[in-house]
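The values are calculated or read from the model by the stated rules, or taken from the named source; none is laboratory data. Computed from a prediction, not measured in an experiment: that's the story for all the values here. Ideal geometry is used to build each Cβ from the backbone, glycine not excepted, and the neighbour counts take in all protein chains shown. Just so you know, the surface numbers come from the protein's heavy atoms only, side chains and all, with ligands and any DNA or RNA stripped out. Shrake-Rupley method; radii C 1.70, N 1.55, O 1.52, S 1.80 Å.
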2 protein chains.
Amino acid sequence: MQYYPPTLLNAIKQLSRLPGIGEKTAERLALHLLRAPERYAASLAESIIALKGQTRLCTLCHGLSDSEHCRICANPSRNASLICVVEQPADMVAIEKSGGFNGRYHILQGVLSPMDGIGPGDLRIQELLERINQGAVAEVVIATSTSVEGDSTAAFLAEKLSRLPVKVSRIASGIPIGGDLKYVDQVTIKRAMEARHDL
Amino acid sequence: MQYYPPTLLNAIKQLSRLPGIGEKTAERLALHLLRAPERYAASLAESIIALKGQTRLCTLCHGLSDSEHCRICANPSRNASLICVVEQPADMVAIEKSGGFNGRYHILQGVLSPMDGIGPGDLRIQELLERINQGAVAEVVIATSTSVEGDSTAAFLAEKLSRLPVKVSRIASGIPIGGDLKYVDQVTIKRAMEARHDL
């Protein structure tokens, strides 16, 4: 590796800091960039700079945006009285792809995790309470993940929201659609059994 | 995906053009860059620009360099009378890592491949002949790969070099060290058997 010129070594070093990119892959990517057209390398570098410089958080939902309000918050056809609370922007995208939700979102930017030193003050919980206090919100669907941290965060939020005039619900957990029971983990089956409903 | 802001979508698009990086991985990398420190994203972008702008070919061996002569060609302790011919800069690095060679290199920048329209004029063969004509070269080791194209290129070079006052050799092929015979492919075994030598 030390036989490459410093420019190449530096590009390999920077690329290998990306998640899931080891030194070998970084070497392959850097050698590819060297052979690729000048225009492509420039547009890749520019897109990374623009990504950091121009992407901001929506002032309403704290999701990713390039203007004050994100596309969903700015869309008048979305149901403003229904708010779905998620951990990260990628969770919001997953729900959007499902097509099963027409309300707006609130992105916590994380999950309660005392082990990592993340408390309520590190999440956008105060901003959620303020949104609800401004009225016009009828229901909050808590869609944090079904991990221990996600469930704790959901319980914490439910307790906070119980003092406000708003309906609070939790996204259902159970057997995945198309899931074969024998391959589903025991905790999921136990929870799904407890959450059984009449037909 | 279309729920992300355009800056993020563009970064995902540019990253997914890298080899082996699909749309899902590009999304993960872009979201990582968004969370990463500003300084890291900037240094990654700068390293890509510097890679294209400042990396050049060594005027002697045509390997990657950031100045007129690469480190190996500029190193007076390397044996200048011994030249190893390889296809790509990465091949040179592989040989350097082995520590088994103390001469200099000549990087062809490819391999003869009529199917892809790559003929002798597209490789740095003329430059190799000129280097030898300038004298001071005693032996040329051809270390192109052992594929059909690599072998054809080696044969072509051997024919060209046979007219010059220089010894021409080919890197040995055979059973890899530590290789278990039952896992080695038949062509390699056949070739290794033909190339057997006295003990």
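Any residue in the range B:164-192 that is modelled with pLDDT of 85 or more sitting within a Cβ distance under 6 Å of a residue that is in a loop (DSSP other than H, G, I, E, B) and β-branched (Val, Ile, Thr)? List the pairs, counting only those 6 or more apart or interchain.
Taking only residues 6 or more apart or on different chains, the pairs are B:166/B:137.
Return the residue satisfying two criteria in turn: it lies in the range A:56-108 and is of a type in the set (Ser, Thr, Tyr) and under 15 Å from the mean Cα position of the chain (by Cα), and of such residues it is nearest to residue A:165 (Cα to Cα).
A:105
Of all residues in the range A:30-65 being more than 7 Å from chain B (Cβ to nearest Cβ) and assigned to a strand (DSSP E or B), which is most open to solvent (accessible area, probe 1.4 Å)?
A:56
Need the failing condition index for residue A:92 against (1) surrounded by 20 or more Cβ atoms within 10 Å (Cβ to Cβ); (2) part of a helix (DSSP H, G or I); (3) in contact with a helix residue (DSSP H, G or I) (Cβ under 9 Å, 6 or more places away or on another chain), just the number.
It fails just one condition, (3).
State whether the residues of the range A:7-29 include one that is within 8 Å of chain B (Cβ to nearest Cβ), in a strand (DSSP E or B), crowded, with 20+ Cβ neighbours inside 10 Å and in contact with a strand residue (DSSP E or B) (Cβ under 8 Å, 6 or more places away or on another chain).
Scanning the range A:7-29, I find no residue that is within 8 Å of chain B (Cβ to nearest Cβ), in a strand (DSSP E or B), crowded, with 20+ Cβ neighbours inside 10 Å and in contact with a strand residue (DSSP E or B) (Cβ under 8 Å, 6 or more places away or on another chain), so the answer is no.
I'd like to check which helices (runs of 4 or more DSSP H) are fully inside the range A:121-198 and have at least 1 residues that are closer than 24 Å to residue A:73 by Cα.
The helices (runs of 4 or more DSSP H) meeting that bar are A:125-133, A:148-161.
Among the residues of the range A:80-97, is any free of Cβ contacts under 8 Å to residues at least 40 places away in the same chain, more than 7 Å from every other protein chain (Cβ to nearest Cβ) and more than 26 Å from residue A:150 (Cα to Cα)?
no
Mind listing whichever residues of the range B:164-187 are farther than 28 Å from residue B:116 by Cα and open to solvent by 40 Å² or more (accessible area, probe 1.4 Å)?
Matches in the range B:164-187: B:165, B:167, B:175, B:176, B:177, B:178, B:180, B:181, B:182, B:183.
Please enumerate the residues belonging to the range A:67-80 that are in a strand (DSSP E or B) and surrounded by 13 or more Cβ atoms within 10 Å (Cβ to Cβ).
Within the range A:67-80, A:80 is the sole residue that qualifies.
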